[in-house]
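One structure is given here, and the rest of the page talks about it.
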Amino acid sequence: MKKLLLLGGSAQQIVAIETAKRLGYLTVLCDYLTDNPGQYYADRFYLVSTTDKDAVLEVARKEKINGVLAYASDPAAPTAAYVAERLGLPGNPYESVEILSNKDRFRVFLAEHDFCTPKAKSYICAEEVVADLKAGVFSFPVILKPVDSSGSKGVFRIDCPDGVEKMIACALNYSRSKRLIIEEYVDKYGYQVAGDGLSIDGKLVFRLFGNDHFDLKGVNPFVPISASFPYNMPAWVHNKIHCEIQRLLTLLHMGNCTYNFDVRVDSDYNVYLMEIAPRDGGNYIPQVIKYLTGVDLVEYSVRMAMGEPVESPAESEAKGFASYYAVHANQDGILKGIDISDEFYREHIMEAFHIKPAGSEVKAFRGANTALGCYMMRFDSMEQMLELMDHGEKWIRVELR
């Protein structure tokens, strides 16, 4: 049997393991967590960090793998590209994946190639961040981020230079490389654009854009609580975003790959590529997309990692309205229950993924890793979908004790 090495065994990544096994591959898994659930689905498991490139390469050589995949994982994407390049396996240029996976390098690349991108600067010294903010190097507000974190962890909006030291210290805690980036805030027109896509031989042959939703009263208003599909702008805006993404992929010499998008459009319809991650989206976005279009991006990811020939999807338009919703709490505590009416549940919730049971200890929603679970939801109209995703308090209550 041919072997696929998968990097990461979280609950959301199990679908990639299951898909690979369904397609007839032997699955080898690396994860640094001893309690990762993926190890119980994979054929073989190694307790190895997915960001330790050389340790993963050693596993790949030992197992004589035929392909490597970092499904829905930002930190592991460069490792997968590194291993593939070193072993001559299917993949994309390691240098290009590194650019896409590091926010500071990505901003520099966009600026050098005349994309719309905010003024930005990276730092390794907290004191330099404070000095530049106080010296007026940037126009407020600005966004502070770790250059290599995922799930919106360690992200802060700064409106003035006072009291930023705690934010900087927190952001540094989420950076493996201990590097930060400051970028000027981009005002969006309408919703921030979410979505996933697929390129074959460097051509963006499929994409489905959606609307990001945030809990502005939450402890981290920059981590999405939902992405609803399709995006509520006219087709020409979708096409303009598509063209900018295509230009980026061409410049980076990307080949066969799936992507997760975070894009902003301003009031003049300028397109800002905030993040283009070379991997499938988390929060079960590929499952939502499959429900709406029939396109199975998980299967594409596995087949492309194994070097199988793939063809463009025959159809790609969304038929209906659907979203994911990250069930979350806005403070720490013990989960008493999740209150949703039976009628609402029947009408709108198609599937519940890994919802924590009553009695579980929960953390306030500071990043995607602190969600209590996820719902895949359907709606009758765009208006209904946007209203319910923007106002979760109308239909769900997370009760703590």
From S122, S101, residue being in contact (Cβ under 8 Å) with a residue 40 or more places away in the chain and surrounded by 21 or more Cβ atoms within 10 Å (Cβ to Cβ): S101
Of the residues that make up region 152-173, is at least one buried (at least 19 other Cβ atoms within 10 Å of the Cβ), touching a Ser or Thr at 6+ places or on another chain (Cβ under 9 Å) and part of a strand (DSSP E or B)? no
Scan region 189-212 residue by residue and report those that are closer than 15 Å to Y272 by Cα, out of contact with any Leu (no Cβ under 9 Å at 6 or more places or on another chain) and not in a strand (DSSP E or B). Y189, G190, Q192
Just wondering, is there one or more residues in region 321-338 that are modelled with pLDDT of 95 or more, touching a helix residue (DSSP H, G or I) at 6+ places or on another chain (Cβ under 6 Å) and aromatic (F, W, Y)? yes
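To keep it simple, each residue is scored yes or no on (1) outside the structural domain of I396 (by TED's automatic domain parsing); (2) within 15 Å of V398 (Cα to Cα); (3) surrounded by fewer than 16 Cβ atoms within 10 Å (Cβ to Cβ).
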| site | (1), (2), (3) |
| --- | --- |
| D332 | no, yes, yes |
| E343 | no, no, yes |
| P357 | no, yes, yes |
| K363 | no, yes, no |
| R366 | no, no, no |
| N369 | no, no, yes |
Going through Y82, Y40, Y25, Y94 one at a time, which residue ends up being without any contact (Cβ under 8 Å) to a residue 24 or more places away in the chain and crowded, with 17+ Cβ neighbours inside 10 Å? Y94
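Yes/no matrix, rows are residues, columns are (1) under 19 Å from the mean Cα position of the chain (by Cα); (2) on the phi > 0 side of the Ramachandran plot; (3) among the aromatic types (F, W, Y); (4) not assigned by TED's automatic domain parsing to the domain that holds I124:
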| site | (1), (2), (3), (4) |
| --- | --- |
| A171 | yes, no, no, no |
| R176 | yes, no, no, no |
| R179 | no, no, no, no |
| G197 | yes, no, no, yes |
| D201 | no, yes, no, yes |
| L208 | yes, no, no, yes |
Scan of region 350-401 for residues that are more than 23 Å from the chain's Cα centre (by Cα) and at positive phi, ordered by number: G359
Across region 117-142, which residue is nearest to R176 (Cα to Cα) among those that are assigned to a strand (DSSP E or B) and not aromatic (F, W, Y)? S122
Would you point out which residue out of N260, N220 is in a strand (DSSP E or B), touching a residue at least 60 places away in the same chain (Cβ under 8 Å) and outside the structural domain of R157 (by TED's automatic domain parsing)? N260
At pLDDT 95 or above, loosely packed, with under 12 Cβ neighbours inside 10 Å and within 27 Å of G190 (Cα to Cα): does that describe E317? no
Taking Y32 as meeting all but one of (1) of a type in the set (S, T, Y); (2) touching a helix residue (DSSP H, G or I) at 6+ places or on another chain (Cβ under 7 Å); (3) under 27 Å from A371 (Cα atoms), write down the number of the exception. (2)
Would region 265-272 turn up any residue that is under 24 Å from S96 (Cβ atoms), in a strand (DSSP E or B) and in contact with a Ser or Thr (Cβ under 7 Å, 6 or more places away or on another chain)? yes
Would you pick out the residues in region 212-240 that are surrounded by 22 or more Cβ atoms within 10 Å (Cβ to Cβ), under 23 Å from K290 (Cα atoms) and of a type in the set (A, V, I, L, M, F, W, C)? I225, A227, F229
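The values are calculated or read from the model by the stated rules, or taken from the named source; none is laboratory data. The shown structure was predicted, so the numbers you read here are calculated from the model rather than taken from an experiment. Here Cβ is always computed from backbone atoms with ideal geometry, including for glycine, and neighbour counts include all displayed protein chains.
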